[in-house]
Amino acid sequence: MQLLHRASPWRELFADDTPPQPAALLAPLREALDELGPSTDLPAAHAWQPRLVEALERLDLPAWRISQLISDHNEMLYRRAILLSLNEMQGQGWGKPPVEFCVLTLGSAGRHESLLGPDQDNAMIVADYPDSRHTEIDGFFQALGERFTARLDEAGIPLCNGHVMARWPMWRKRLSEWCEQLTLWTQDRRVKRVQQSNILLDFHPAFGDADLASALAEHVRLVMPGAGLFLDEMANLLDELPVALDRFGRLAGDGDGAPHENALNLKRQGLLPLVNAVRLLSLRHGVSVPDTRLRLPALVLKGALTAQQARAGTAALDRLQELLLQAQLASLKAGGAPDGWVDATRLEEDQRLLLRHDMQVIRRLVKTAQIASGR
């Protein structure tokens, strides 16, 4: 692999099931991979991730690109965990998968916008099969879901507290069942269904038959623009995550769970309002890509946003990811955990001004999404 000595196909870095050979890389990455060594141990590979981020920062990669590569690295761990589980099952007499399937990553992983320390959000699409074979076939995929999610948990990607994982029937269905479920969910405005859909609708095929994921994405593209009541409730839910500004337009957190009075949760009161607003606009206008960075220019082509709005939204996303990554690395070095909190007193004056500007941009994008939904 001729990697990183020229115009950088960065997304190929973790495209294979094993990391690239260090000799093909520039010095900071080569040194980081030398420290990891040839081991394919999942916990060691996941624990190495902050070292990877430091190496990428030394190469002056922007935070949005590092976030993509964190997502790609986690996806490689997913593939490895699934393969290990399939091999284990075959050795125990389960045989090969009885039908085609596809494991999806959801949420920030599905958008390729992961930072350090995400938990698991995943689902599984199973190719359609006769009801008479349900016990046999679903039993196989339940066992697979339990095994690969347990392996990821042991590796340091914890089980989802909300049970959004392929080990549970709610998140493991035949393709026709997924399509039927989304059709039913979008016929009314139940809050719980909208919340679950917000998780599901940012998905990416991590392992298996990607055509199943494409078929589901096409169903979403067709059904969502006409789901008025559903999208209206999604617009209402945007009010539950106000951006980190007070009524005078000054930086201010909501204080919920704050570790100290100067802490801002830029994930909950910055990234999520931005992501949610852009998702809502994308669903209404039939934009099918999951990445926020790709959705924004696609919405310009649809006439839903101006080019200036899209550029401002992209810049806000980039700067929020940068602030959060830096705060997460600092927390890890201090013996803490990577989370969504940023200490406002540690920001330079220009950072504070830009952050305030970005929050105002996000607030306007939220308003735009709500107006498009009839609010």
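For residues that are of a type in the set (A, V, I, L, M) and under 13 Å from the mean Cα position of the chain (by Cα), scanning just the range 275-293, find the one that is nearest to Ala316 (Cα to Cα). Full working, then the answer.
Here is the first cut: in the range 275-293, the residues of a type in the set (A, V, I, L, M) are 275, 277-278, 280-281, 283, 287, 289.
Next, from what is left, pick out any that are under 13 Å from the mean Cα position of the chain (by Cα): 275, 289.
Working: Val275: 11, Val289: 19 Å.
Across the range 275-293, the extreme among qualifying residues is Val275.
In this structure, is Thr105 in a helix (DSSP H, G or I) and closer than 23 Å to Asp72 by Cβ? Give the steps one after another, and end with the answer.
Working: in a helix (DSSP H, G or I): no; closer than 23 Å to Asp72 by Cβ: yes.
No, not satisfied.
Kindly list the number of the only condition in (1) open to solvent by less than 20 Å² (accessible area, probe 1.4 Å); (2) in a helix (DSSP H, G or I) that fails for Arg151.
Arg151 satisfies every listed condition except (1).
In the range 244-270, how many are in contact with a Gly (Cβ under 9 Å, 6 or more places away or on another chain) and buried (at least 21 other Cβ atoms within 10 Å of the Cβ)?
Residues that pass the stated criteria total 6.
Suppose we keep only residues that are under 16 Å from Val164 (Cα atoms) and among the aliphatic types (A, V, I, L, M) within the range 118-136. Which one would you say is surrounded by the most Cβ atoms within 10 Å (Cβ to Cβ)? Please lay out each step first, then the result.
Start the filter on the range 118-136 by keeping residues that are under 16 Å from Val164 (Cα atoms), which leaves 118-125.
From what's left, among the aliphatic types (A, V, I, L, M): 123-125.
Numbers: Ala123: 25, Met124: 26, Ile125: 28.
Per the stated criteria, the residue is Ile125.
If I ask for residues that are surrounded by 19 or more Cβ atoms within 10 Å (Cβ to Cβ) and not in a helix (DSSP H, G or I), which ones from the range 162-185 would you list?
Val164, Met165, Ala166, Arg167, Arg172, Lys173, Arg174
In the range 14-31, what residues are at pLDDT below 85, of a type in the set (A, V, I, L, M) and open to solvent by less than 30 Å² (accessible area, probe 1.4 Å)?
Ala24, Leu25
Given (1) part of a helix (DSSP H, G or I); (2) open to solvent by 50 Å² or more (accessible area, probe 1.4 Å); (3) farther than 19 Å from Ala369 by Cβ; (4) not aliphatic (A, V, I, L, M), where does Asp239 come up short, assuming only one miss?
Only one criterion is unmet by Asp239, namely (3).
Within the range 49-73, which residues are open to solvent by 10 Å² or more (accessible area, probe 1.4 Å) and either more than 15 Å from Leu13 (Cα to Cα) or part of a helix (DSSP H, G or I) (or both)? Before you say what the answer is, go through the steps one by one.
From the range 49-73, those open to solvent by 10 Å² or more (accessible area, probe 1.4 Å) are 50-51, 54, 57-62, 64-65, 68, 72; that's our starting set.
The answer is Pro50, Arg51, Glu54, Glu57, Arg58, Asp60, Pro62, Trp64, Arg65, Gln68, Asp72.
Which condition breaks for Glu113 when tested against (1) in a loop (DSSP other than H, G, I, E, B); (2) more than 15 Å from Pro158 (Cβ to Cβ); (3) open to solvent by 30 Å² or more (accessible area, probe 1.4 Å); (4) touching a residue at least 40 places away in the same chain (Cβ under 8 Å)?
With (1) in a loop (DSSP other than H, G, I, E, B); (2) more than 15 Å from Pro158 (Cβ to Cβ); (3) open to solvent by 30 Å² or more (accessible area, probe 1.4 Å); (4) touching a residue at least 40 places away in the same chain (Cβ under 8 Å) applied to Glu113, the lone miss is (3).
Go through the range 186-232 and give me each residue that's open to solvent by less than 20 Å² (accessible area, probe 1.4 Å) and either over 12 Å from Leu104 (Cβ atoms) or part of a helix (DSSP H, G or I) (or both). Outline the logic, then answer.
Filtering the range 186-232 for residues open to solvent by less than 20 Å² (accessible area, probe 1.4 Å) gives 186, 194, 197, 200-202, 206, 212-213, 216, 220, 224, 227, 230-231.
Hits for the range 186-232 are Thr186, Val194, Ser197, Leu200, Leu212, Ala213, Leu216, Val220, Met224, Ala227, Phe230, Leu231.
Considering every residue within the range 89-97, establish whether at least one is among the polar types (S, T, N, Q), over 19 Å from Pro158 (Cα atoms), outside any helix (DSSP H, G or I) and at pLDDT 85 or above.
Kept after step one, since they are among the polar types (S, T, N, Q), are these residues of the range 89-97: 90, 92.
Still in the running and over 19 Å from Pro158 (Cα atoms): 90, 92.
Retained after the next criterion (residues that are outside any helix (DSSP H, G or I)): 92.
Now restrict to residues that are at pLDDT 85 or above: 92.
Yes, because at least one residue in the range 89-97 is among the polar types (S, T, N, Q), over 19 Å from Pro158 (Cα atoms), outside any helix (DSSP H, G or I) and at pLDDT 85 or above.
How do the pairs read when you match residues in the range 129-151 that are under 10 Å from Ala81 (Cα atoms) with residues anywhere that are surrounded by fewer than 19 Cβ atoms within 10 Å (Cβ to Cβ) and of a type in the set (Asp, Glu), using Cβ under 8 Å and keeping only pairs 6 or more apart or on different chains?
Cβ pairs passing all conditions: Arg147/Glu88.
Does Ser39 satisfy the condition of being without any contact (Cβ under 8 Å) to a residue 40 or more places away in the chain and either farther than 30 Å from Pro273 by Cβ or open to solvent by less than 30 Å² (accessible area, probe 1.4 Å) (or both)? First the steps, then the outcome.
Details: without any contact (Cβ under 8 Å) to a residue 40 or more places away in the chain: yes; either farther than 30 Å from Pro273 by Cβ or open to solvent by less than 30 Å² (accessible area, probe 1.4 Å) (or both): yes.
The answer is yes for Ser39.
The values are calculated or read from the model by the stated rules, or taken from the named source; none is laboratory data. These figures come from a predicted structure and were not determined experimentally. Cβ coordinates were reconstructed from backbone atoms using ideal geometry, including for glycine residues, and neighbour counts include every protein chain displayed. Only protein heavy atoms, including side chains, enter the accessible area calculation; ligands, DNA and RNA are left aside. Shrake-Rupley method; radii C 1.70, N 1.55, O 1.52, S 1.80 Å.
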